[in-house]
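The values are calculated or read from the model by the stated rules, or taken from the named source; none is laboratory data. None of these values were measured; they are calculated from a predicted model. Every residue, glycine among them, receives a Cβ derived from its backbone with ideal geometry; neighbour counts consider all protein chains shown. What goes into the accessible areas is simple: the full protein's heavy atoms, side chains included, and nothing from ligands, DNA or RNA. Shrake-Rupley method; radii C 1.70, N 1.55, O 1.52, S 1.80 Å.
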Amino acid sequence: MKSLRESTTHPDGEPTPRIIPRAEHPVSRQHISDAALKVLYRLDGAGFDAFLVGGCIRDALLGLMPKDFDVATNATPEQVRELFRNSRLIGRRFRIVHVRFGREVIEVTTFRGKPQDEHANHIAQQSDAGLLLRDNVWGSLEEDALRRDFTVNALYYSIADFSIHDFANGARDIETRTLRLIGDPETRYREDPVRMLRAVRFASKLDFTLSPETEAPIYELAPLLLQIPPARLFDEVLKLFMAGHGLMTFRMLSHYGLFGMLFPEAEEAMADAAWAEQLIEAALTNTDKRIADSRPVTPAFLLAAFLWAPVAHRQAQLESDGMPAIPALQAAAQQVISRQLHHTSIPKRFGMPMRDIWELQARLPQRQGKRAFQTREHPRFRAAYDLLLLREQAGEIPRGLGDWWTAFQDGDEHEQRRLIQKTGGDPASQGPKKKPRKRRRKPRQASE
């Protein structure tokens, strides 16, 4: 691959790819899912160009097993839709086709070209600030390569001859473990500010270094993320923190000023209290370890950890104004969520459990009588208990309560009674009380 890794450019500005033949690269059809191969072969059989592109090729060259497969073709979305009955068109900003095989989805995109002045707004549209609002201009393979974000993602694997087409020296950057934007970085970030998040995500995941020109504009352009719809940013949050590299990603986001664009109140809390940042790092360390061990994780827990410090801070303010503790906690939670929704959406399936985890923080210290047993049976108890341990670890609250709950979960009935008695509760009141048995009256005998 070394002798073929340098791409050149035509005098007219279009890139000339270096073709890496099958014998000189490690990407094999064994790396490719059966579903992706079906899509590639059907497009090729119908007379269309068919390439695997992007992260799957990048990861295979790095010696990683690809998980997601994206296909690029000169077939239009409508033509792709006609070839695959198990597909659907999605997107308005970028029209693409999802071809579904059971749980696996293969994303098929049409080669994109450069928008021109004569294109109507329903095809291509850009804001005054440079943000791409719509981009459905079809073009050639060479034009499509220039529209890709990073050089390492502009690698195309041809199903026709199993060669790799390298348009932007992506193979060279893979060897040097460098993440480099294609084109002028400031322009590309203004076109789509989410590229700044993608740069951090790929650098963290792949242990790559951002090239100096790719890195430089991020500090200044981070506020452009405020233009992005909250729903799209929530999807990016899941990709950033639920892939097993959350701690490194968080540190890079904070370094470039990007984390505050996603979670502004959490960033403000970190400036006010050292434990707030330690809590987030502890939660991400915990999540990364669970993912490495193939154990389940939920965004609700991470969101609860990210936003707990703002909730605790607002609760303390409300209590100092005379509001009782539980109403203050509920009001603080509502205020924090309301502000957060302006930045990232939080679906109900995650928002409701997150609230439960917070409210259980107030119940965990209440262990007298039946309360400990009732709290332990709550569906969110385990997540709330984990957050309690992280709060102690971060130094927000003194240690002790977490140890009590650990012992209570591990202990038998006798040990649980003893632990409750130590809190000043009545161990005899644990569990539901038995109803008194009604005495049956004897029938009165008739007098003779």
Worksheet item: Do we have any residue at all in the range 163-182 that's within 20 Å of Arg29 (Cα to Cα), open to solvent by 10 Å² or more (accessible area, probe 1.4 Å) and not aliphatic (A, V, I, L, M)?
Response: yes
Worksheet, complete the sentence: Of the residues in the range 67-117 that are in contact with a Gly (Cβ under 7 Å, 6 or more places away or on another chain) and in a strand (DSSP E or B), the one that is surrounded by the fewest Cβ atoms within 10 Å (Cβ to Cβ) is Asp70
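Results for (1) more than 18 Å from Gly411 (Cβ to Cβ); (2) out of contact with any Phe, Trp or Tyr (no Cβ under 7 Å at 6 or more places or on another chain); (3) open to solvent by 10 Å² or more (accessible area, probe 1.4 Å); (4) assigned to a helix (DSSP H, G or I), shown as yes or no for each residue.
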residue: Thr344; (1), (2), (3), (4): yes, no, no, no
residue: Arg349; (1), (2), (3), (4): yes, yes, yes, yes
residue: Arg355; (1), (2), (3), (4): yes, yes, yes, yes
residue: Gln361; (1), (2), (3), (4): yes, yes, yes, yes
residue: Gln368; (1), (2), (3), (4): no, yes, yes, no
residue: Ala372; (1), (2), (3), (4): no, no, no, yes
residue: Thr375; (1), (2), (3), (4): no, no, no, yes
residue: Pro379; (1), (2), (3), (4): yes, yes, yes, no
residue: Ala384; (1), (2), (3), (4): yes, yes, no, yes
Worksheet entry | Where a residue in the range 372-390 is in contact (Cβ under 8 Å) with a residue 12 or more places away in the chain and its partner, wherever it lies, is buried (at least 19 other Cβ atoms within 10 Å of the Cβ) and aromatic (Phe, Trp, Tyr), with Cβ under 6 Å and at least six apart | Ala383/Phe301; Tyr385/Trp405
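Listed here are the residues, each with its yes/no results for (1) in contact with a Pro (Cβ under 7 Å, 6 or more places away or on another chain); (2) farther than 23 Å from Met252 by Cα; (3) in contact (Cβ under 8 Å) with a residue 40 or more places away in the chain.
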| site | (1), (2), (3) |
| --- | --- |
| Phe150 | no, no, yes |
| Phe167 | yes, yes, yes |
| Thr176 | no, no, no |
| Ile182 | no, no, no |
| Pro185 | yes, no, no |
| Tyr189 | yes, no, no |
| Val194 | no, no, yes |
